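**Q** Have a look at this one.
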Amino acid sequence: IPDLKSAIGINDKFLFVNELFGGSMEKYNKSIENLNDLKTLNGALIYLNELKIELQWNSSNEAYQKLKDLVSRKFE
């Protein structure tokens, strides 16, 4: 996955915006851009973890798992 933004389908985008970013398209876009700009999987996972803490995501949330999987695939 060279670009997260283009890899996320419309249904997943709305799932992420609503479930993970409290309906904020702005916060979603900024976070995806930041994840895209990171150069290593470790850096991306640290950033994802910071978002998880800040936005109080549950680790077992399906949307969170989906996003984490996409981020991991970006660096494979």
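The values are calculated or read from the model by the stated rules, or taken from the named source; none is laboratory data. Every value quoted in this text rests on a predicted model; they were computed, and no experiment measured them. For neighbour counting, all protein chains shown are included, and Cβ atoms are generated from backbone atoms with ideal geometry for every residue, glycine included. Each accessible area value is taken on the protein alone, full model and side chains, heavy atoms only, with ligands, DNA and RNA left out. Shrake-Rupley method; radii C 1.70, N 1.55, O 1.52, S 1.80 Å.
**Q** Can you confirm whether Tyr64 is of a type in the set (Ser, Thr, Tyr), assigned to a helix (DSSP H, G or I), out of contact with any strand residue (DSSP E or B) (no Cβ under 6 Å at 6 or more places or on another chain) and over 14 Å from Val17 (Cα atoms)?
**A** no
**Q** Out of all the residues in the range 1-55, which are within 16 Å of Phe75 (Cα to Cα), free of Cβ contacts under 8 Å to residues at least 24 places away in the same chain, open to solvent by 70 Å² or more (accessible area, probe 1.4 Å) and of a type outside the set (A, V, I, L, M)?
**A** Within the range 1-55, Ser6, Asp37, Lys39, Asn42 meet the criteria.
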